[in-house]
Every structure is written in C-alpha cells, then in structure tokens.
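> Below is one structure. I have some questions about it.
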Amino acid sequence: MALSIMSKTRCISRVLGVCIVSAWLFSCSSTETQTEQASLNDANDVVVNDNTQAIPEEDNKKNTVTNRTKGVVAQTNNDSTKNEDKPRLPQLLALMPLTSSSNVDLENLEMMRESIFNHLSSTNFLFVRTNEVDQRIQLLNQQGGFSAQDAEFLTGLLDVDGILLAEIVSSDITYVGVASHIYFKVDIKMVNEKGSIIWQDTFAERSLEGGMGADPFTLLYSLAVTALHAGKENVFAVTDKIGRMIATSIPQPEGAFTQHGLYIDSVVHDASNKSLKYGDVIKVGVKAPSNHSVNIAIEGINQLFNTRETSTGAYFVDIPVDKNWDGQDLMMTAYLVDKMGNRARKISSLGLIEFDNTEPQPPSEAYIELAEGEVRIYWEAPEPNLEYLLYSVVNDEKQLINLTRGSRVIMPSNLVPFSQYSYELVAKDKADNQSQPVQLTSLFLPNNAIKQAKVVSTGRLPQFINQDSRLTKANSPYLIDDITTIARNAMIFIEPGVIIEFSSSGSLNILGGVTTFGASPVIFRSLNSNQSDHTFITLNSQRHLELNGFRVTNAGIGIEVLAGKPMISNGEIINSKFSALSIQNQANVAVRNIVINGSNTSAIVVANDARLSIKQSQFMNNLPFHIQNSSTYTIDATNNQWQPAADMMSVLGKVKY
C-alpha cells in the first residue's frame with residue numbers, strides 16, 4: 001500500500017532572497033488563518049472554542065504554524081449530564097476515501113488518508129484496513145464521495161458500527177524558488193450506523209520549509225520518507241501532523257491506551273517501499289518520552305524487539321529479517337511501558353512492511369527464435385511485478401546480457417548458421433529472490449526450407465532421397481555404400497562438420513539441389529582411407545547447387561558437373577586418383593578459393609560446351625596438368641597460385657591465366 005513520505009528539507013535562511021519569500025508566504029498564511037477562523041466560527045455543525053493556537057516546531061525541524069479549531073461530541077439534547085442520552089461511541093470503524101472541494105490530487109488525498117488511518121490505529125478503536133474498505137466499495141461504482149446519509153448502508157456493507165468521513169476543504173501547495181508553502185484544512189466526522197454525526201472537528205496545518213536537524217532519528221526519518229514519495233516530503237510532514245492531531249483529539253472508548261496520558265510521538269523505519277528477505281536488516285527509530293521501555297512488534301511476527309535509548313527520547317533497534325518471515329502490508333507498532341506498567345502504542349505511519357523469502361516461479365512458456373541478424377526470446381510471467389535476467393551461456397560460462405520487466409527480449413546478433421546458442425532466463429522478485437533458471441538452446445538454421453527439411457538420423461544413407469532432407473553433425477558420420485540419388489524435387493542441406501564416407505561402390509548423385517555451409521568443412525572421404533576408383537559427387541541439376549566449405553580426399557573423381565550453374569568455394573580436393581573436377585556438357589561453374597592438390601590425371605578437365613571461372617585458388621602437385629580444356633569456351637583462371645607455374649606444359653587448351 002502506497003504511503004506518503006517526507007525527505008530532506010533545505011535550509012532557506014542562508015539566502016536573503018529566499019528569506020524574503022518565506023516572510024511573504026508567512027504573511028499570507030497569517031491573513032488566511034484569520035479568515036479561516038472567522039469562517040469556522042460561522043459553521044452551524046461544529047462547536048468552536050476561541051483558543052486557536054500557533055504551535056511552533058522544535059528549532060531543528062520545519063518552521064510550521066499549526067491552526068486548528070477544537071470540536072466536541074455532539075449531544076442528543078441539551079442535558080449533557082444524562083449519560084443515557086450521550087451517543088454511544090462505535091467500537092469498529094472504517095475510514096472512507098477522502099474527498100476534496102479544493103482540487104487536491106489523488107496522491108495527496110491518499111497521503112492524508114493513510115496518515116489519518118495510521119495515527120487512529122494507535123487509539124482504542126478497531127479499524128478495517130483501508131484496502132479492505134476500498135475492495136468492498138469499489139463494486140458500488142460511485143463517482144462522488146459518501147455522506148452521513150449513506151452510513152446505514154455502508155456500516156452494513158463493511159461490517160462496522162461507525163464510519164469516518166473526511167474532506168479536505170481547503171489546500172495550498174506553493175513553491176517559490178527553494179521555499180515551499182504547504183497548507184491543508186480537513187473536516188472529519190464520526191458517523192454511527194444510524195447516520196448520526198456523533199463527533200466532528202476541523203483541523204488546519206501549514207508548513208514553511210526550514211532547516212532539518214542532523215541527529216540520527218531525523219536522518220532515519222528523512223531517509224524513510226524519501227524512500228516512499230521523493231519530492232513530497234513537505235506534504236507528508238503536514239498530513240502526518242494533521243493525522244496526529246486527529247488521533248489525540250478524537251473521543252475514544254475506554255481502553256488501556258487512554259488512561260495515563262502516555263503518547264509515542266513517531267515510529268520510523270527504513271523498510272518503506274522495499275521487499276525484504278533473509279539477510280536484510282530493518283532500522284527502526286522511536287521518538288517517545290525518555291527513560292521508558294519501548295518495544296517493536298511487526299504484524300504476523302510472534303516476537304517483540306527491544307529498543308535502546310541512545311539519546312534523550314530517541315530509541316533505536318536493528319531487526320534482522322528471519323528466513324521464515326513472509327507477508328505483505330504488515331504494520332509495525334511501537335509499545336511504550338512506564339515503570340508503573342502503564343502503556344502506550346503507535347503504529348508507524350511510514351509505510352507497511354513486506355517480507356518475501358519465497359523464490360518466484362520460473363518464467364513459463366519460454367521459447368527462443370533465432371532469425372537472421374537477431375535473437376528473440378519470449379515467455380509468460382508466472383506472477384506480476386517480476387524482473388527477468390537473461391544470461392548467455394558459452395562453454396558453461398554465464399554472462400548477463402539483458403535485464404527487463406517485460407516478457408520478451410529481441411537482440412541483434414551476428415548468428416553463424418548451424419551454430420548452437422544457449423541462454424538462461426531467471427525471474428527475480430522485489431526482494432531479489434531468484435527463480436530456478438529456464439534453459440533455452442537452439443540451433444541457428446538460416447532459412448525456413450532448412451528448418452522444414454527432414455533430419456536424416458540413420459547412419460547409412462538410403463539409395464533414394466525424395467524430400468528435402470538435412471544431414472546433421474550430431475548424426476554423422478554418414479555412410480554411402482551404393483549410389484545415393486537426391487531426387488529432382490528434393491534438396492539436401494549438409495551442416496558444417498558433417499562427415500560422409502564412401503565405400504568402394506558409393507557415390508552421391510544429385511539431381512535436385514544441394515547446399516553446404518562454410519562455418520566448418522563438410523568432409524567427403526573414402527571409408528578405408530585408400531584412393532577410390534569412382535566419382536564421389538555428381539552434380540546434374542538446374543536447381544540451386546552450392547558447395548561452400550568442404551574437403552574431398554582420396555576420390556577417383558572428386559566432383560563431376562554435368563549440368564547447372566554450381567558455386568564451388570572455400571574447399572579442398574586432395575589426392576584424387578584421377579581428376580579433382582570434371583566439367584562437361586553445358587555446365588557453367590564458378591570456383592572460388594579452393595585448393596587442388598595431388599591430382600593424377602589433370603586437376604581440372606573441361607569438355608564439350610562447358611564453362612569455368614576459377615579465382616583465388618591454389619594448384620599444387622597436379623600431374624600431368626593443372627587444367628586440361630577441350631571446351632569451345634576459354635577458361636578464366638586469372639588470379640590463382642600455381643605450383644609448378646602455369647605455362648604451356650601445365651595448362652592445356654584455351655585458358656586465360
């Protein structure tokens with residue numbers, strides 16, 4: 001439940017111009033006070049005494065001027081000596097939402113209401129919590145405030161025997177430079193279940209900003225107030241004082257806390273606006289008469305905490321949070337006992353307390369999407385008001401990469417095809433309790449066709465593949481011990497790092513399409529590491545043909561191209577018994593950045609009407625020729641490295657080098 005707060009005040013007496021502004025504000029407030037007093041004296045429903053008081057605060061606090069008119073309990077007839085004619089005071093009260101006739105904003109209305117409630121909770125009345133009151137009346141959908149005529153219905157709805165109706169009838173919040181003028185006037189009525197007003201009073205309070213003391217209690221008070229409503233400190237100071245005046249003025253049923261005149265001035269703590277867990281410590285300060293026993297109780301905790309008086313009238317205690325404490329909206333109450341056993345109590349007006357030693361549930365329905373250039377992670381919140389920590393996991397090392405209160409993270413990333421990416425997602429609550437991590441792992445597949453392709457999980461490739469298929473590193477090595485044909489309507493995608501082994505009769509005949517990827521080479525090799533007599537790969541298709549990142553070793557012919565426009569790049573063809581590349585018919589081949597080493601009947605053979613462009617490549621130790629071209633087209637073989645050098649003895653046919 002949000003409560004109002006007060007923060008550090010600024011000393012304005014050091015600046016002459018500010019002092020003039022303060023004097024002007026004080027002058028205005030004095031004039032307004034006289035006007036208010038005359039207005040209050042004219043009211044018909046309040047009995048007013050003539051002793052309007054100006055009560056200055058202590059020198060080291062805010063320079064405040066208090067204006068209030070004292071009310072009395074209304075009598076049912078003129079003979080106030082007959083006890084049977086006195087209205088019976090309710091025992092169980094509900095403080096209704098405040099209203100305003102002076103355009104007070106909602107936060108300040110709530111601040112005033114919470115101040116009144118917290119101070120009145122220290123009296124002998126029993127009170128229904130304000131949030132419970134609001135939950136019950138919200139079904140009424142009433143736009144305006146309530147009046148005494150609604151009391152009979154409201155007391156039944158709320159199960160109480162009386163209600164409190166409060167209205168801010170006048171207010172002024174003015175900031176001039178560093179000076180501030182805060183003023184509220186509140187009319188409050190106690191109404192019984194029959195709708196009779198049995199007590200009514202009006203309270204006014206103003207504050208001109210002044211200096212702030214530096215004693216430990218004042219510093220703790222300032223810290224606690226700032227934690228709740230930074231920037232509203234002076235407003236809180238005024239609402240707190242009005243709440244205190246109401247609590248000391250309201251007629252109470254007889255009880256243990258009204259017989260001896262003991263009164264606790266303030267109870268402050270630094271747990272405002274926090275969720276606490278095991279290991280945290282609550283600092284508590286109490287301002288009360290000196291030389292008494294002062295204890296602290298927290299709602300729901302079956303334990304009293306003894307304070308120590310460190311200076312006159314200032315009591316302090318540090319309360320370590322136990323690992324078994326859990327609960328929300330818990331009140332803190334201070335109890336004072338004198339040597340005669342007389343007692344006083346006061347509930348802290350500086351915020352309810354929350355303990356949370358329970359870890360939140362992990363994020364639910366979490367999933368990951370890897371797309372070109374970005375990572376997307378989605379989840380559903382298991383409970384409200386959680387924060388989420390996202391870690392990347394690389395080689396069991398975690399690194400925090402994102403912190404959010406939303407339910408998704410979209411991050412730019414240079415993803416490598418067929419690389420695996422791992423993340424952990426953790427939920428964290430306000431008390432820093434963390435959930436069990438949700439692990440998210442995915443392989444980046446660069447396009448939808450690959451995602452939809454069937455994974456070939458058997459180690460031996462079938463003779464015929466008639467649908468889009470994917471060979472994975474996790475399932476390799478694969479064995480081809482016969483002619484495996486990729487149908488014209490099928491694509492085969494080969495992940496980086498896949499190993500394909502060929503028996504003495506094995507061959508891969510591609511009538512459809514093929515794609516490999518250049519992250520790490522796909523290995524095509526003979527089963528027994530001996531040179532083969534047959535062709536490993538035949539490309540005979542007009543579909544997409546791309547061999548990128550590969551190594552072919554010990555083939556008869558490494559790659560034979562009979563049709564299409566394949567791109568062959570970033571590879572090696574080593575120790576071929578015959579040729580590394582054989583290109584025929586009307587094939588049009590582009591080769592980039594490959595190494596051809598140790599071919600024994602010409603490294604590249606081009607025939608018929610085939611075309612070839614080869615660049616940034618290396619020819620080494622090929623016999624008897626690097627290139628042998630009988631095609632009608634000239635081969636573009638510029639920008640390559642040759643060993644032995646390219647000349648008429650190592651390059652035959654129409655070749656530009």
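A short reminder: the numbers here are calculations on the coordinates, not readings from a lab. Predicted model, so just to flag it, every value in this text is computed and none were measured. When we count neighbours, we look across all protein chains shown, and the Cβ atoms used for this are built from the backbone with ideal geometry, even at glycine.
> Once you have the Cα-Cα distance between Asp647 and Ser520, take 0.36 nm times their residue separation minus that, and quote the gain in nm to one decimal.
42.3 nm
> Continuing with the same structure: Can you tell me which of 400-407, 465-472 comes out highest on packing, and rank the rest after it, using the mean Cβ neighbours within 10 Å?
Values: 400-407: 12.5, 465-472: 18.4.
My ranking of the peptides, most packed first, is 465-472, 400-407.
> Evaluate E = 1/(1 + (r/R0)^6) for Asn447 and Thr358, where r is the Cβ-Cβ distance and R0 equals 45 Å; express this FRET efficiency to the nearest 0.05. Mind showing how you got there, number by number?
Values: r = 45 Å, r/R0 = 1.00.
Efficiency at R0 = 45 Å is approximately 0.50.
> Under a straight-distance cross-link criterion of Cα-Cα below 16 Å, which aspartates and glutamates are reachable from Lys577, leaving out those fewer than 8 residues away in the same chain?
Counting by Cα, and skipping residues close in sequence, Lys577 has these aspartates and glutamates nearby: Asp533, Glu560.
> Ser101 to Val394: FRET efficiency via 1/(1 + (r/R0)^6), r the Cβ-Cβ distance, R0 45 Å, to the nearest 0.05?
0.10
> Figure the gain on full extension for Asp609 and Val455 (residue separation times 0.36 nm, minus the Cα-Cα span) and round it to one decimal in nm.
In short, 51.7 nm is gained.
> Please compute, for the alpha-carbon atoms of the range 270-406, the extent along each of the three principal axes and give them in descending order in Å.
78, 24, 23
> Above 24 angstrom, tally the Cα pairs of the range 448-656 and express them as a % of all pairs, no decimals.
Cα-Cα pairs of the range 448-656 separated by over 24 Å account for 36 percent.
> What is the calculated FRET efficiency for Gln328 to Asn475, with r their C-beta to C-beta distance and R₀ = 56 Å, to the nearest 0.05?
Numbers: r = 53 Å, r/R0 = 0.94.
Step by step, r from the Cβ atoms, then E = 0.60.
> So for the range 401-501, what percent of the C-alpha to C-alpha distances run longer than 25 Å?
Result for the distance tail: 41 percent.
> Test of understanding: what is the full-extension gain from Ala371 to Gln143, defined as 0.36 nm times their sequence separation minus their Cα-Cα distance?
On the way: separation 228, 0.36 × 228 = 82.08 nm, distance 5.08 nm.
Extending this stretch completely gives an extra 77.0 nm.
> A further question follows. Do any of Lys185/Lys232; Lys451/Lys473; Lys565/Lys615; Lys398/Lys473; Lys323/Lys430; Lys241/Lys277 go past 21 Å between their Cα atoms, and which?
Lys398/Lys473; Lys241/Lys277
> Still on this structure: Using label points projected 7 Å from each Cα along Cα→Cβ, tell me how many nm separate Met340 and Phe464, to one decimal.
10.9
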